[in-house]
Amino acid sequence: MSAVFVWIETFKGNAGPTSWEALGAGRLVADKMGVPLAALVFGENANAVAAEAGQYGADKVLVCDDATLHGFRLEPYAALLAKLVTEHQPKAVLAVGTTRGRELLAAAAADTDSGLLTEVTSLEVQDDGSIRVVRPVYAGKILSEAAGNPDGVQFLALRGRAFKANAPKPDAKAEVTAVQPALAEDQIATKIEGFEEETGTVNLTDAAIIVSGGRAMANNPKEAPAGTANPEVWKAQDGFENVLKPLADVLGGAIGASRAAVDAGYIPYAHQVGQTGKTVSPDLYIACGISGAIQHQAGMRTSKVIVAINKDAEAPIFKLAHYGLVGDLYKIVPALTAELKKRLGK
Amino acid sequence: MHVVVFTRSTPDTAARVEVGKDGSVTWGDAAMVVNPWDEYALEESILQAKNAGGKATVIAIGPEQHNDALKHSLAMGVDEAARVWDAALENADSLAYAAAAAGAVKKLGDVDLVILGKESIDVGTDQHNYQIARKLGWPMLSYVSKIAAVDYSARTIKVERLLEQGRQIVTSRLPAVISVMKDINEPRYPSFIGIRKASKAVIPEWSLADLGVSLPPTRTRTLRLMNLPAREGQVEMLDGTPEEQAAKLVERLLEEKVL
């Protein structure tokens, strides 16, 4: 089967929000190459997700709902993907480069000695069948144009939110084929012992809107309770919880932070945006009390609309922002939350 | 017990990186530093070696400029260093890097654990991490935020991994490859004595022939490097009282259709 493969990431039996973006990108590649688009769905509930993949544009789906594939583990997933690539010799294999997607593609590419390009933000199929891509390098400070080799299978890990999903067609159906796993449980060295899900928070890399706080979160006018060991940290944490979070909630967005805020202990590392944190690309990024060091910019500069709220009119963030509000975030953010509630009718 | 850690030299994180007229990348007179993600891997290798009474070895794959990162690693307290370089690795992709790295680990022979930084900022990817594990045939535990337990005699490891949806607890057998996140530890600064000792260290260079590695074919190539497109338009400053600023902003955001 000459085809384009797209891995559909699932979590607890549901397709990840960015998986359909990968299928959208795969559709473009498959059409240009004149080959069918095949989705790969592994794990629990694979048949239901396969039906959904058909609605989102897959011509075929290969499914494997084996117990060894319930909960992502690299070894059984990579072994199965490598086996399918070896058997079917697809032209290309695509997935969104989430934590799981990037390691799965890298591992299967290594197993099959295939080329892999990651963090792909745009792509174009050339007449010779090679795929030419643009990807950020040097922490997003410059761009690289690179190409795969059409003589081999071309693996591409896409940057999340860089490609558009096709609108689902309720009547569209894909041809579904069940495949066998490549490994048995006793051949797998890793065992999942537990998972502490972060509930109630929006995942930063998937978020369409992000509200981020920086060092100035410590300028909270509220007084820390008497006897608080570190009033500065208390003030900043209170500000994230009671000032930024209400704004994020009214926008349905996620909370981000600068490295300075994370290093000072204001908020856990999982929220850090920038060079040693997450790279994000939301529709709207609101930077509150963040000066905009080059390392922070590296993680958020591809956001569609950037709003900066900062006391210092000379802060570098204003050079990157589309809209700048000079002033105290502890006055502006509550005003903004109130205005949005009014205008959005919440 | 023997732990191996990989590192490389990358431009200082505050450097303004640009593409020059000749198409090559420049970072002015900014210093080269240890790839920022590797600092956590180096610190963890020192801690692991110390706790288990073992040894930590740091390896870089690349030309001589990467000796700076190796010397920094030695100054931090890593026991030994080696660099792998070969003309055949010039312009090679991650598969070749991974094959060379796996070859170096195999040459050392008695390795229990390989620790890697989350990614390399210069090449903008982490794909080589997973590929090293595959070329070794060892399990890979990525995005590790904590080593919950490790037993080098029973050859087991238990870690906490930081994923999009939360924290996962996983066990594996050793030898294994792990990549670590920022919150796993607080990297130390090199000591004065460490810096003096490292400056005198002679770092061996291994060729692919020394490792007995033949490279897989390079399947991807970089066509050109480009500067970021200049941001269109200027920042629009919204003035007034906080309430006026908020009202103006919401107006603009509704026009932009981002809400």
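Quick note: the coordinates plus some simple rules give every number you see, no bench work behind them. All of these numbers come straight from a predicted model, not from anything done at the bench. FYI the Cβ positions are ideal-geometry reconstructions off the backbone, even for glycines, and counts take in every protein chain you see.
Would you work out which of B:N129, B:L238, B:L223 lies farthest towards the positive end of the dipole of segment B:115-256? Charges go on Cβ: Lys and Arg +1, Asp and Glu -1.
With unit charges placed on the Cβ atoms, the residue in question is B:N129.
Output the antiparallel fraction of DSSP beta bridges having both residues in chain A, as a percent to the nearest 5.
Of those bridges, close to 20 percent are antiparallel.
Determine the shape class of segment B:182-253: with a ≥ b ≥ c the square roots of the Cα gyration tensor eigenvalues, call it rounded for a/c under 1.5, and otherwise prolate if a/b is greater than b/c, oblate otherwise.
oblate
Please report the equivalent ellipsoid semi-axes of segment A:111-156, computed as sqrt(5 x eigenvalue) of the Cα gyration tensor, largest first, in whole Å.
Values for segment A:111-156, descending: 20, 13, 7 Å.
Using a simple charge model, +1 on the beta-carbon of Lys and Arg, -1 on the beta-carbon of Asp and Glu, nothing else, what dipole does segment A:128-247 show about its Cα centre, in debye to the nearest 20?
Using Cβ point charges on Lys, Arg, Asp and Glu, segment A:128-247 gives about 680 debye.
In the protein assembly as shown, how does Rg compare with the Kirkwood Rh, expressed as the Rg/Rh ratio over alpha carbon atoms?
0.96
Given A:V29, A:G54, A:C64, which one lies farthest toward the positive end of the charge dipole of segment A:5-65, if we put +1 on the Cβ of every Lys and Arg and -1 on the Cβ of every Asp and Glu?
With unit charges placed on the Cβ atoms, the residue in question is A:V29.
What does the net charge come to around A:I255 if you take all other residues with beta carbon closer than 10 Å to its beta carbon, with K and R at +1 and D and E at -1?
Once all neighbours under 10 Å are counted, the net charge is -1.
Hey, quick one: spin label on B:A201, modelled 7 Å out along Cα-Cβ, who in segment B:93-126 has an amide N within reach, i.e. under 17 Å?
Correct set: B:105, B:108, B:115-117.
For B:K21 and B:R155, calculate 0.36 nm times their separation in residues minus their Cα-Cα distance, and state this gained length in nm to one decimal.
Full extension from B:K21 to B:R155 adds 42.9 nm.
Just the number, please: Stokes-Einstein D of segment A:124-215 in µm²/s, Kirkwood Rh from C-alpha pairs, 37 °C, 0.692 mPa s.
171
Using the Cα atoms of segment A:44-181, I'd like the radius of gyration and the largest Cα-Cα distance, Dmax, both in angstrom.
For segment A:44-181, the Cα-based Rg and Dmax read 15.6, 45 Å.
Can you list, bin by bin at 10 Å, the percent of alpha carbon pairs in segment A:293-346, starting at 0?
Here the calculated profile for segment A:293-346 is 23, 43, 29, 5.
Along the charge dipole of segment B:52-110, pointing to its positive end and built from +1/-1 on Cβ of Lys, Arg, Asp and Glu, which listed residue (B:A75, B:G62, B:A100) has its Cα farthest out?
Value: B:A75.
Relative contact order for segment B:138-259: what is it in percent, counting Cα pairs under 8 Å that are at least 6 residues apart?
Computed value for segment B:138-259: 17 percent relative contact order.
Can you give the average number of partner chain beta-carbon atoms within 10 Å of each beta-carbon in peptide A:295-304, as a whole number?
Going residue by residue through A:295-304 and averaging, the value is 1.
Kirkwood Rh over alpha-carbon pairs of chain A, then Stokes-Einstein at 4 °C and 1.567 mPa s: what D in µm² s⁻¹, rounded to an integer?
Calculated translational D: 60 µm²/s.
Can you give the calculated 222 nm mean residue ellipticity of the protein assembly as shown, where each DSSP H run of n ≥ 4 adds -39,500 (n - 2.57) and the sum is split over every residue, rounded to the nearest 500 deg cm²/dmol?
Helix contribution divided over all residues of the protein assembly as shown: -9000 deg cm²/dmol.
Which whole-number percent gives the relative contact order of chain B, counting Cα pairs below 8 Å spaced six or more residues apart?
23
Against the empirical 2.2 N^0.38 Å scaling, what ratio does the C-alpha Rg of segment A:219-346 come to?
For segment A:219-346, the normalised Cα radius of gyration is 1.03.
About the Cα centre of chain A, what is the dipole size in debye to 20, counting +1 per Lys and Arg Cβ and -1 per Asp and Glu Cβ, all else neutral?
1340
Where is the GNM fluctuation largest for chain A (alpha-carbon springs, 10 angstrom cutoff): A:I255, A:I192, A:I286?
The residue with the greatest mean-square fluctuation here is A:I192.
Percentage of Cα-Cα pair distances in segment A:55-127 greater than 19 Å, rounded to whole percent?
41
Just the number: Rg to Rh for segment B:105-259, Cα atoms, Kirkwood Rh, two decimals.
1.15
For segment A:217-346, what is the relative contact order in percent, using Cα pairs closer than 8 Å and at least 6 residues apart in sequence?
Over segment A:217-346, the number comes to 19 percent.
Can you compute the charge dipole magnitude of segment B:157-259 about its Cα centre, using +1 on each Lys and Arg Cβ and -1 on each Asp and Glu Cβ, nothing else charged? Give it in debye, rounded to the nearest 20.
1060
Just the Cα atoms of segment B:157-211: what Rg and Dmax do they give in Å?
Calculated on Cα positions, Rg and Dmax stand at 17.9, 47 Å.
Seen from all sides and averaged, what is the projected area of the convex hull of the Cα atoms in segment A:151-260, in nm²?
Projected area, direction-averaged: 14.6 nm².
Quick check on chain B: take the gyration tensor over C-alpha atoms, sort the square-rooted eigenvalues as a ≥ b ≥ c, and tell me if it's rounded (a/c under 1.5), prolate or oblate.
It comes out prolate by the Cα gyration axes.
Taking R0 as 41 Å, what's the FRET efficiency between A:D312 and A:E197 from their Cβ-Cβ distance, rounded to 0.05?
0.60
Given the pairs A:K235/A:K311; A:K164/B:K257; A:K141/B:K197; A:K141/A:K278; A:K235/B:K146, which span a C-alpha to C-alpha distance of over 24 angstrom in this model?
A:K141/B:K197; A:K235/B:K146
Could you check the spin-label model distance between B:T218 and A:E223? Points 7 Å from the Cα along Cα→Cβ, value in nm.
Roughly 6.7 nm, to one decimal.
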